[in-house]
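A quick write-up on the structure given underneath.
Derivation of every value follows stated rules applied to the coordinates shown; laboratory data play no part. Keep in mind it's a predicted model, so treat the numbers as computed, not measured. No Cβ is skipped: glycine too gets one built from the backbone with ideal geometry, and neighbour counts run over all protein chains shown.
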Amino acid sequence: MRSPLNIKRCIGTLAVLLTLTGCAHPNGSASSPKAVSFESTTITSRPLSVQAQSRRGGPIRIQPTLRPITTPTAEPTATPEPTATPIPTATMVPALPGFGPELAGERIVQTSRYDVYLGINTLAAESVLAILPRIDAGLDAAERSLGTRLQARASLAFYRLARRPARGVRAQAITEERRLELFYAPEEDANGAVRVAVHELAHQLEADRYGADNQRLADTILHEGLATWLAGDEWLAPTGSASWRERGRDLLEQGRLRAIRSDPSGAAANDAYEGWASFVDYLIATYGWAAFDDLYCSGDGRYPGSADYRLVYGQSLDDLVEEWRGWIQEKG
Ligand SMILES: [Zn+2]
């Protein structure tokens, strides 16, 4: 049985930012958003067992790094909110100073929170510039939903397919270096890159909220599920579902809801990611942020199911999945 988790480490590492996170999209054709799919690859620089042991100690409780915008529900409730919808806010997001990491290619613009790099033989500069307002809006929404802002500037790069780290990879987030890279061919539709960019930025938000070590060991269900959930409307819109709860139900009814521990690679990777996002939506809406933060930080490696669900929720992952599947079917 595991000892209680050490959230102090979760908080203490926020400034270190040493997580390497890969997020790959195996579908080479992403001319439409629906064609983009993801798979997770993780770069782990240290043995997991050492990391895991070093992370365990006293009781944990994480606070949002800047300000919570969603209202946490500390206690489980039998009547959860329909979905973990963020509370709208008109708060201006202050610009982050300095520069993001210097990357290959040309830095074509600085937004308020990240620098944009462009390589050769990829999307045209004007196409990238045209989608930046949507990416920014998606990042705004993700920061509001998570209650955590980017803690320093990042760099978002658009590169040719030949620079992909592996065949079929669409994007990767090397959060240790605050480096987010997307791989697109010149003829592809840049609109399909919006939700991919927001998803990668969301991985950086995860690293900034939970710290490098916790993110490195995060359960893929939560790591990819949260980043997809944070991509929010940009992700959901092409699916035709209005919420993550509805998305889970639609996948179930279409026979596409993947097993919770499924391998996210292949053509059905999007279904796995979206199922995880719906499950994350259920956990947050039902049990609140504090418990979810504990769960995220309880991961023992990137494999699906590595988090200690029983310790945090008093139930096994399988039992929670049964609850979730009932939850998504409750609404017509
Ligand atoms: Zn990802």
### Summary
the stretch 205-268 and the stretch 106-138 have their Cα centres apart by a whole-number Å value of 25 Å
### Query
For all pairs of alpha-carbon atoms in the stretch 198-332, what percent lies in each bin of width 5 Å, listed from the first bin to the last filled one?
2, 11, 21, 26, 22, 13, 4, 0, 0
#### Entry: Relative contact order %, the stretch 159-246, counting alpha carbon pairs below 8 Å whose residues are six or more apart
23 percent
### Task
Which order do the peptides 212-220, 314-322, 155-163 take when ranked by the mean count of other beta-carbon atoms within 10 Å per residue, highest first?
212-220, 155-163, 314-322
### Hull volume in cubic angstrom per residue (convex hull over the Cα atoms of the stretch 132-226)
102 Å³
#### Entry: Per-peptide average of other Cβ atoms within 10 Å, ordering 125-131, 278-284 highest first
278-284, 125-131
#### Entry: Residues in the stretch 205-236 reached by a label modelled at residue 253 [backbone nitrogen below 18 Å; 7 Å Cα→Cβ]
236
### Query
In whole Å, how far is the Cα centre of the stretch 272-332 from that of the stretch 178-192?
31 Å
### Task
Can you tell me the alpha carbon radius of gyration of the stretch 235-285 divided by the globular rule-of-thumb value 2.2 N^0.38 Å?
1.03
### Cα-based convex hull, the stretch 214-258, per residue volume (Å³, whole number)
74 Å³
### Query
How do 294-307, 195-208 rank on mean C-beta neighbours within 10 Å, highest first?
195-208, 294-307
